[in-house]
Each structure stands twice: as structure tokens, then as C-alpha cells.
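Q: Questions regarding the structure given below will be posed in turn.
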């Protein structure tokens, strides 16, 4: 189940990336193309068949996992800010791009770096599963989940509200897919803290959230392409 969801999420993300490539080459919505590229890299590095060879190239000490965490931070910061602005949420924009949001991402990034380098991880392990009992890695993993939950919580209401207000069916579907994805992302952390989702269930919730967000972004692009060209 988990493997199927992982490869499905990667296929959807890569398909959306390739779909956007011609328009990105023409200079249309280039930032969203790079967001999809980062998301594709992040999903790919969560799959053992991709992660292990990639990490071996980087020394085999799980630097690939650190890159994955940092890629997710950058991706979420850029993408969440754009979505909050697109769905007309000034509060969301401030909480993500304002002083509070910048402080949150800076503190979490510093904490992730310190936690990672404080704990030796001498053998490649997808998701650092071999080291999850180490206190430093427990903190490292938790800090990454905190930022995902933080930005997702900022976007659930604006995207849901956008889904209710949109006139076009494709816009409603896009907004509601995004809202469901962000809701799952926001709930994952408290579910893990309360031990309601661990192991495989946690992976299922995580990849379902990625799929919902990826589909939502693809539908946003469909809507964008259907708009009349203004001169």
C-alpha cells in the first residue's frame, strides 16, 4: 500500500512537472514549475529505490535526507505564500511570509541542522528509519513535521473558502483538493503525537495529502490554461 502510494505520488508530481515545462520555457508561471520540481525531488527522495543510490553519491551518511528536509522547507515556504495570496488570505500571507513566518522557518531550519549533525547516521536509511530511536533524530523529524503542520493550518480555511466561492467547477475542485490535502497535512502531527497514526497509517496519510495537493495544483493549472489570453 505504502509503496503504491509513493510511486503514484511521484508519477503525479512528475507528470505535472513535465506538463508545465513547455509553458515554463515560455516564461509562464515559472515559479510554480520550480515548486513542482522541488515537490518531485522531495517525493522521489522518500522512495528507497531512489533515496539509497542518491545518498550513496553524497557519501552514504544520509545527507540526502537532510537535503529532503531543507527542500521541503523551501518548497512549503514558497508554495504556501503563493497559495495564501492566490486565495486572498492576508492573514495567511502574514503568518507565512511576515516576521512571524520568517522567524518560524529560520528557527526550524537551524534546529533541523543542529539536530541532524548532532547524531551520527553512518549508513543510508530511507526516512532515517534505522535511527528513529536516537533522541537527536526524533527532534530532527519532529521539527520537519512542525513546519508542514504550521503552513498547512494557515491554508486549510482559505482554500476551503475558495472552493465554496468559486464559480467554475474546476476551480472548486482545485480548491477543495488543496484544502483536503492541507487538512491531512495539518492533522498528521497531532495524530502522531497522540499515537493515532504511526508507521504505515502515518505514511498513508502523508502521501494522500501530497496526492491531494498535487492534484489540486494540476487543476489550478488547467483553470489557468483555460482562461482567455489578455493582450
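Q: To test your reading of the geometry: what angle, between 0 and 90 degrees and rounded to tens, separates the Cα axis of helix 135-165 from the longest principal axis of the chain?
A: Value to nearest ten degrees: 10.
Q: Follow-up. Rounded to the nearest Å, what's the spacing between the alpha carbon centres of the stretch 39-101 and the stretch 143-206? Just the number, please.
A: 15
Q: Can you give me the distance in nm between label points at residue 70 and residue 130, each placed 7 Å from the Cα along the Cα-to-Cβ direction?
A: Here the modelled spin labels are 2.2 nm apart.
Q: Between 142, 153, 110, find the one with the highest GNM mean-square fluctuation for the chain; connect C-alpha pairs within less than 10 Å.
A: 110
Q: Over the Cα atoms of the chain, what radius of gyration and what Dmax do you get, in Å?
A: 17.7, 59
Q: On full extension of the chain, what length is gained from residue 191 through residue 85, given 0.36 nm per residue of separation minus the C-alpha to C-alpha distance?
A: Length gained between residue 191 and residue 85: 35.3 nm.
Q: Determine the relative contact order of the stretch 83-164: mean sequence separation of Cα pairs under 8 Å and six or more apart, normalised by residue count, in whole percent. Show your work: numbers first, answer last.
A: Details: 50 pairs, mean separation 33.3, N = 82.
Averaging sequence separation for qualifying contacts and normalising by length gives 41 percent for the stretch 83-164.
Q: Using C-alpha positions alone, give me the convex hull volume of the stretch 96-171 per residue in cubic angstrom.
A: 123
Q: Could you order peptides 143-150, 18-25, 3-10 by the average number of other Cβ atoms within 10 Å of their residues, highest first?
A: Peptide ranking by packing, descending: 143-150, 3-10, 18-25.
Q: Quick one: compute the contact order of the chain, relative version, from alpha carbon pairs under 8 angstrom and 6+ residues apart, as a percent. All intermediate terms of the calculation are to be shown ahead of the outcome.
A: On the way: 269 pairs, mean separation 44.9, N = 231.
Dividing the mean separation by the residue count of the chain yields 19 percent.
Throughout, read-outs are computed from the coordinates displayed, never taken from laboratory work. Here the structure is a predicted model, which is why all the values come from computation and not from measurement. Glycine gets a Cβ as well: all are built from the backbone with ideal geometry, and neighbour counts include every protein chain shown.
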